[in-house]
Amino acid sequence: MEDGMGKLTATLFTSVLSFLSISCGSSNRLQSISISDNTTGPEPLYMASGTFTNGGNVSSLPVSWFIFGPGIDPPGTGYSLSAAPFLPVCVIGGDTYMIVAIAPADPHAPQSGPVPANVWNDLVSGKLKSESGFVGATVQMTCA
């Protein structure tokens, strides 16, 4: 009987630990985004990676991609996450464009939603890297 109770106790203990680790997982938040240029042809291909507060890294981080520059209408202030690489299209050769990646800090946030206008402006301008539950990164791209 003690053997069965020991196994039951161990199973319950493991279940409780698993539940606590899942429910406490929201404390692990996205801390920073980095953007890398994986150019393999005439057009640059951008990937986002992320670092979390627990020290973990994600090499294909789901982010919302944006491009700003000459000949491009400004987008809305919402986000829609995608882990796909970003392939921007150059509108005017020789000009410089800003590539922006934004994501919620909470890894359990919805796949899309609004971003407050002031937060949007601070992240897109590169003024801040993190604000009010969102994280952003920017890089410049010069079209050939």
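The values are calculated or read from the model by the stated rules, or taken from the named source; none is laboratory data. Here the structure is a predicted model, which is why all the values come from computation and not from measurement. Glycine also receives a Cβ, built like all others from the backbone with ideal geometry; neighbour counts cover every protein chain displayed.
Got a number for residues in segment 124-144 being touching a strand residue (DSSP E or B) at 6+ places or on another chain (Cβ under 6 Å), among the hydroxyl-bearing types (Ser, Thr, Tyr) and under 21 Å from LEU81 (Cβ atoms)?
1
For PRO70, all conditions in the list (1) in contact with an Asp or Glu (Cβ under 7 Å, 6 or more places away or on another chain); (2) modelled with pLDDT of 95 or more hold save one; what is the number of the exception?
(2)
Do we have SER64 as small (Gly, Ala, Ser) and under 23 Å from PRO116 (Cα atoms) here?
yes
Restricting to segment 120-144, give me the number of residues that are free of Cβ contacts under 8 Å to residues at least 60 places away in the same chain, surrounded by fewer than 17 Cβ atoms within 10 Å (Cβ to Cβ) and at negative phi.
Count: 6.
Here's a check for you: in segment 94-144, which residue that is among the hydroxyl-bearing types (Ser, Thr, Tyr) and in a strand (DSSP E or B) is nearest to MET47 (Cα to Cα)?
Applying the filter and picking the extreme gives THR138.
Please go through segment 103-119 and pick out each residue that is among the hydrophobic types (A, V, I, L, M, F, W, C), within 15 Å of ILE33 (Cβ to Cβ) and in contact (Cβ under 8 Å) with a residue 40 or more places away in the chain.
ALA103, ALA105
Inside segment 87-101, can you point out the residues that are within 20 Å of SER34 (Cα to Cα) and either out of contact with any strand residue (DSSP E or B) (no Cβ under 7 Å at 6 or more places or on another chain) or free of Cβ contacts under 8 Å to residues at least 40 places away in the same chain (or both)?
Matches in segment 87-101: LEU87, VAL100.
Can you pull out the residues in segment 73-94 that are modelled with pLDDT under 85 and of a type in the set (Val, Ile, Thr)?
VAL89, VAL91, ILE92
Determine whether PRO62 is under 17 Å from the mean Cα position of the chain (by Cα) and within 14 Å of ILE35 (Cβ to Cβ).
Criteria met by PRO62.
Return the residue satisfying two criteria in turn: it lies in segment 38-59 and is touching a residue at least 24 places away in the same chain (Cβ under 8 Å) and over 16 Å from the mean Cα position of the chain (by Cα), and of such residues it is surrounded by the fewest Cβ atoms within 10 Å (Cβ to Cβ).
PRO42
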